Each structure stands twice: as C-alpha cells, then as structure tokens.
Amino acid sequence: MAPVVAAKKRSKFDPRTFLSTIDGGRKIAAFPNKETIFVQGDPFDAVFYIQEGKVKLTVVSKTGKEATIGILNEGDFFGEGCLTGQALRLCAASAMTDCSVMRIGKNAMVEVLHREHAFSDMFVAHLLTRNIRYEEDLVDQLFNSSEKRLARILLLLAHFGKEGQPQVAIPKISQETLAEMVGTTRSRVSFFMNRFRKLGFIRYNGELEVHSSLLNIVLHD
C-alpha cells in the first residue's frame, strides 16, 4: 500500500505581517514631509496603507479651489476607490509628516480580500469606521459652530476618543489647512486658536499640544 502523504498545513494568515512585508504586489515607500504620494486624476490602480506618519487628502475644483477632505493616521487605508471600478483618483494625497506607506496593487488587494477572512474583516471594519466619521463630519458641518468644528478637528488629530493614549502633540499644521477642514476663513481659525491658547486648551511648543480640556468646547451647548 502506498504511503499516505499528509497534506501540508497552510500557515495562519496574519494581517499585520501582510501589511508589513514586501511580496505579491506589495511595495513599501518612504515619503518625506509634504511630498506627493499621488495626484488627482492619476490612474486608480492601488490601495495604500499608512505604516507610519500622517497623510493629507485634498481635492481641487475646476476653478482651482483646493479643499482638505481628510487627514489620515498610522493604520489607515486610502485609495480604496479602485476596488469599486473608479478609473481615476478623485483626490490627491501628500505626506503631512515623514511617512512609510505600503502600496498594494489592485489585483493583490482583491485576491487577499477574497482569500483571507481575517483581512477582509479588518478592511470592512476600516470602511465602516471611515463611513461613520464622514457622517459625523457632515452632522458637524450642518449643526455646529465653526469654533466647535475646529475643536473637534484638533481633538481628532490628537487621537482623543480612540483606543490607546491620545497623541497630545500633533505635527505642525497650517491655519489654512485647518480652515479648509473646518469650512471657515483663516482669520477665524486664528481667532479661535488664540482663544483656545489663552484658555489653556492648547499650547504651542514647536509642535501643537492639544489638551483634553478642549472637550469643553465640543460638549458645551
């Protein structure tokens, strides 16, 4: 009787290993602060994952007006629109700090989503979290004052309300960028930032320090 050869057991898939190693359509690139990762109108052929740093997403209108639509952190995906069949990127992405970013080719991303439940569960959780954030942003824009919207943006940048310890010191961000995100003018942002500083809610020390007391602005009716 011929010997029976035991089937080789497939090693357990680890999403963290997948997102930190180069193989099968995955590449890791370093982007220094302010360097462009991709531009609006580029071919939509890959998904990106932030290993380290912060990334800013911007959109430019036909009239040339630019708006910041999101600031992403370590552990975030972006560029996932390629999975829905979009041909060209609808926004631009650039590094806000020195970044390490993994590029996952569209075919490689589709393949791992179909094959590995652990990864697809993690990715769906990311999409749901992002969708909730967009809904909160819309409610914030419709019903809250520009002062409250600015306070919320600063708290989000400092990771208040997320798992783990808040990142009290955040990288330098221009008042123009904050104004784009809040939907107001730079002069109003300057006025509110000075007010927050005088009240002890924020502090400038090379970087911008955001204190938990800033929640008082968001929670106050």
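The values are calculated or read from the model by the stated rules, or taken from the named source; none is laboratory data. All figures in this text were calculated on a predicted structure; none of them were measured in a lab. Reconstructed Cβ throughout: ideal geometry from the backbone, glycine too, with neighbour counts over all protein chains shown. Surface areas here come from the heavy atoms of the whole protein model, side chains and all, with no ligands, DNA or RNA. Shrake-Rupley method; radii C 1.70, N 1.55, O 1.52, S 1.80 Å.
Worth a mention:
- For E74, the residues 5 or more places off, or on other chains, whose built amide H falls under 5 Å of its own are G53.
- Karplus-derived 3J(HN,Hα) values for segment 14-22, using 6.51 cos²θ - 1.76 cosθ + 1.60 with θ = phi - 60°, are 10, x, 5, 5, 4, 8, 10, 10, 8 Hz; glycine and proline are entered as x.
- The modelled label-to-label distance between L142 and K172, using points 7 Å beyond Cα along the C-beta direction, is 3.8 nm.
- Test item: Cα-centred dipole of the chain, Lys/Arg +1 and Asp/Glu -1 on Cβ, debye: 160 debye
- Take every pair of alpha-carbon atoms less than 8 Å apart whose residues are at least six positions apart; their mean separation over the length of segment 50-98 yields a relative contact order of 51 percent.
- Relative contact order (%) - criterion: Cα under 8 Å, at least six apart; region: the chain: 19 percent
- Kirkwood hydrodynamic radius of the chain, from the reciprocal of the average inverse Cα-Cα distance over all distinct pairs: 19.4 Å.
- Calculated FRET value between H220 and D23, using beta carbons and R₀ = 41 Å, to 0.05: 0.20
- The H on the amide N of I69, modeled in the peptide plane, is under 5 Å from the matching H of L57, T58, V59, each at least 5 residues off or on a different chain.
- The D42 and S190 beta-carbon pair, evaluated with R₀ = 41 Å, returns a calculated FRET efficiency of approximately 0.75.
- For segment 98-145, GluC sites (Glu not before Pro) meeting the loop criterion (DSSP other than H, G, I, E, B) and having at most 10 other Cβ atoms within 10 Å: none.
- Spacing of the two label points (7 Å from each Cα toward its C-beta) at V110 and K198, in nm: 5.8 nm
- Rolling a 1.4 angstrom probe over the chain with all protein chains present gives an accessible area of which 55% lies on carbon and sulfur atoms.
- Calculated [222 nm] ellipticity per residue, helices only, for the chain: -11000 deg cm²/dmol; basis is -39500 (n - 2.57) per DSSP H run with n ≥ 4, divided by all residues, nearest 500.
- Placing unit charges on each Cβ (+1 for Lys and Arg, -1 for Asp and Glu) gives the chain a dipole about its Cα centre, and among V47, C82, T177 the Cα reaching farthest toward its positive end belongs to T177.
- Applying a DSSP loop filter and a limit of 11 other Cβ atoms within 10 Å to the trypsin sites (Lys or Arg not before Pro) in segment 21-128 leaves K34, K62, K65.
- Given K27/K106; K34/K56; K148/K172; K34/K172, the pairs whose alpha carbons are separated by over 18 Å: K148/K172
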